[in-house]
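The values are calculated or read from the model by the stated rules, or taken from the named source; none is laboratory data. All values derive from a computational prediction rather than experimental measurement. With ideal geometry, Cβ positions are generated from the backbone for all residues, glycine too; neighbour counts draw on all protein chains shown.
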Amino acid sequence: MKQHHNNEPIYRALVEAAPIAMVMVDNRGHIVLVNNQAERMFGAVRTDLAGQPVEVLLPERFRAGHPASRHDFFAHPKARAMGAGRDLYARRRDGSEFPVEIGLNPIETAEGPMVLAAIVDISERKRLENRFQQVVESVPNGIVMVNRSGLIELVNPQAERMFGAVRTDLVGQPVEMLLPERFRAEHPASRHEFFAHPKARAMGAGRDLYARRRDGSEFPVEIGLNPIETAEGPMVLAAIVDISERKRLENRFQQVVESVPNGIVMVNRNGLIELVNAQAERMFGILRAELIGQPVEVLLPERFRADHPVSRHDFFAHPKARAMGAGRDLYARRRDGSEFPVEIGLNPIETAEGPMVLAAIVDITERKHAEQALRESEESFRLLVDGVKEYAIYMLDVDGHVMSWNVGAQNIKGYSADEVLGRSPDIFYTEDEVRSGLPGKHLRLARDQGYFEGDVLQVRKDGSTFWANILLTALYDETGLHQGYSKVTRDITEHKRTQETISRALDEKTTLLNEVHHRVKNNLQVISSLFNLQALHTSDPDVKQVLAESQGRVRAMALIHQLLYECNDFTRIHLDDYLERLGQLLITLNAPASSRASVRTESEGFPVYLDLHRAIPCGLLVTELITNAFKHAFPDGRSGEVRITLSWDGQGDACLSIRDNGVGLPEGFCFEQTRSLGLKLVQRLAGQIEGQLERGRSKDTCFMLYFTPMMEDNKT
């Protein structure tokens, strides 16, 4: 490349504008030119680099050998990458090293031959390459990366262990060395096809794949292929899984199928038998060699065979584990033509040959005999129910008529079994309840919801009433048909009386607390009126101011008791409502100063509560800050706004801020060392609230109180 002297300014401008670092070196190895990118890269200005040996930009360990490489370049100058095939590093002024790629270009100048080096910091690429290497090294599968020529470029430790070879023995070798001999000849054609149409896919889907270890042993594998683009060209990344264990488990599956006590029959989508176990052979009296490949209908009685294919097709259309023929009797057929009752559980499974259904078959002949014994035991259960005397336990038919009656029912309701069997449950309800349809409503609720439970007033045979807890449960048979109801009744009259006594006591306590808060509020208002009266009898403005401030504090406390009196919740106050009403009260109390400023209350809409012992100091704190704002923030007729904001800090605490846009605090004001009685009081009140008071840093005067409010369950 020729460089004429009159073009040198243009050339230098191009070098300066280049987006990568550029360094020009003469044939003696001295730096002639560096651009801005190179200054930033090496942390040195060009005046410090110009005239220096280029070796100052290399780590110490490379400097001695570099002049020979430079002389070789000038002896045979041509554009090329420096150090191709090996890692290159540069050195910053502070001594730190970093990996680089360097492109060398010879140029002819008026001062003689030069070389222009384009330098790229590849630290980020190295980091990503290391990340890629770390990922490959850490994955649990064997990873092998192969280039277009079929040579192995990379293997991870899992692949080394899988094939019993170290990576230095594998890298650079044809990938076919990892295949059994019988597959090697055909593999290059498959590889060429993959690179011709690269896409992520499973290799050898639908057939068994095997790999070969260094010792010559083979093992079954699954392989996933993923094409990737690299600086060296397209590659394929093969993720290899040794499925020896899966094959072993498949064999174990066969062993389990053989060992289970039930008959197992596996059937394909076409209804042909694929597998039977020894129990099924014994159950049907047929050898598996005679069953495999036969339609499954050979195991059914003749009368069921015609309809069975439809059921089978329905199962494969909507495969899920279920019992076959739930709710009806199933029968199977032995080789000799005899039938026997069975239960069948169906489980869909996916296999390499497609979907199958695994049928677990149980001969329930013995269970049928046991059901008869169960029916006999029901009589024993009836005797047990009759032995319960504290609860009325009885059965109703679907219309609600009494079908059974135990001794407990007779004791509670006064009717004998002969008097009540077959009668309507209306006799247990008052006339008003019967007219309102309550007995029928209870039956409908039980039928619709499965059960109904509640406390109702019941009537005994002698006409006396009592409170009862009833549990009415709808009963269904195996087919889901409604069979009636069971009803359990317990006399809770004494329990109701106790509840009513407690309720009356609570009402009396509530009334008393209400009266206390009402009287406290009235007394505080009297004190406020006394302050006001005292202010009318003095002409001293300082005394008037003190009395007004004291009146404001008393009115703030009185407002809390007013709110408690109004809401009848004596444990807490709704802080949003309190601040809204307190703001309006303070406007009234601080007239005429408050006429120049407005008070605005804002909240995020979430309820914030404070208990009584913290609500009072909170109200006093707000009163002090707003009164102080009216007093000092808006002098000489200045107008403005005082804003009360209640919000959440995102960590479970509430933030109450008082901000005004008045003249602000004096220069050099120190909140912590103030001599103001009001602000000292504010700091003490913040401690009583168990909160933290901070002063805002904006030009407006702003104080923020962070505190933990009460939750909905009345806990802080």
Unique residue being closer than 20 Å to GLU274 by Cα, exposed (fewer than 14 other Cβ atoms within 10 Å of the Cβ) and in the same structural domain as ILE264 (by TED's automatic domain parsing) when the list is ALA323, ALA317, ALA306, ALA332: ALA317
Using the structure shown, decide if HIS197 is over 18 Å from ARG212 (Cα atoms), touching a Lys or Arg at 6+ places or on another chain (Cβ under 9 Å) and not hydrophobic (A, V, I, L, M, F, W, C). no
Single unsatisfied condition, LYS78 versus (1) at pLDDT 90 or above; (2) in contact with a strand residue (DSSP E or B) (Cβ under 7 Å, 6 or more places away or on another chain); (3) crowded, with 17+ Cβ neighbours inside 10 Å: (3)
Could you grab me the full set of residues in region 244-278 that are crowded, with 17+ Cβ neighbours inside 10 Å and either farther than 25 Å from PHE316 by Cα or not assigned by TED's automatic domain parsing to the domain that holds ALA306 (or both)? none
If the requirement is being part of a loop (DSSP other than H, G, I, E, B), touching a residue at least 40 places away in the same chain (Cβ under 8 Å) and more than 19 Å from LEU547 (Cα to Cα), which of these qualifies: GLY668, GLY650, GLY605, GLY662? GLY662
Pick out the one residue from ALA50, ALA81, ALA21, ALA68 that is of a type in the set (A, V, I, L, M, F, W, C) and in contact with a helix residue (DSSP H, G or I) (Cβ under 7 Å, 6 or more places away or on another chain). ALA21
Within region 221-275, how many residues turn out to be assigned to a strand (DSSP E or B) and either more than 23 Å from GLU153 (Cα to Cα) or among the aromatic types (Phe, Trp, Tyr) (or both)? 10
Given the options ALA280, ALA289, name the one that is more than 24 Å from THR479 (Cα to Cα) and touching a residue at least 60 places away in the same chain (Cβ under 8 Å). ALA280
If I filter region 134-148 for residues that are in contact with a Lys or Arg (Cβ under 9 Å, 6 or more places away or on another chain), in a loop (DSSP other than H, G, I, E, B) and either within 15 Å of ALA238 (Cα to Cα) or in the same structural domain as ALA211 (by TED's automatic domain parsing) (or both), do I get at least one hit? yes
For region 474-494, check the following and say yes or no: at least one residue is at pLDDT 70 or above and in a helix (DSSP H, G or I). yes
Out of everything in region 434-456 that is in contact with a helix residue (DSSP H, G or I) (Cβ under 7 Å, 6 or more places away or on another chain) and in contact (Cβ under 8 Å) with a residue 12 or more places away in the chain, what residue ends up being farthest from ASN411 (Cα to Cα)? PHE452
Is at least one residue of region 615-637 closer than 18 Å to ASP700 by Cβ, surrounded by 14 or more Cβ atoms within 10 Å (Cβ to Cβ), at pLDDT below 85 and acidic (Asp, Glu)? yes
Against the definition (closer than 24 Å to LEU300 by Cα and either among the β-branched types (Val, Ile, Thr) or buried (at least 16 other Cβ atoms within 10 Å of the Cβ) (or both)), how does THR351 come out, yes or no? no
Do we find that ALA211 is part of a strand (DSSP E or B), of a type in the set (Gly, Ala, Ser), touching an Asp or Glu at 6+ places or on another chain (Cβ under 9 Å) and touching a residue at least 12 places away in the same chain (Cβ under 8 Å) in this structure? yes
Residue selected from region 333-364 under the condition of a type in the set (A, V, I, L, M, F, W, C) and not in a strand (DSSP E or B), by the criterion nearest to the chain's Cα centre (by Cα): ALA352
Is region 627-640 home to any residue that is assigned to a helix (DSSP H, G or I) and under 30 Å from THR571 (Cβ atoms)? yes
Tell me, which residue of region 300-331 that is within 40 Å of the chain's Cα centre (by Cα) and either in a strand (DSSP E or B) or in contact (Cβ under 8 Å) with a residue 60 or more places away in the chain (or both) is farthest from GLU343 (Cα to Cα)? ARG322
Does ARG167 satisfy the condition of being farther than 30 Å from LEU14 by Cα, within 44 Å of the chain's Cα centre (by Cα) and either exposed (fewer than 12 other Cβ atoms within 10 Å of the Cβ) or modelled with pLDDT of 95 or more (or both)? no
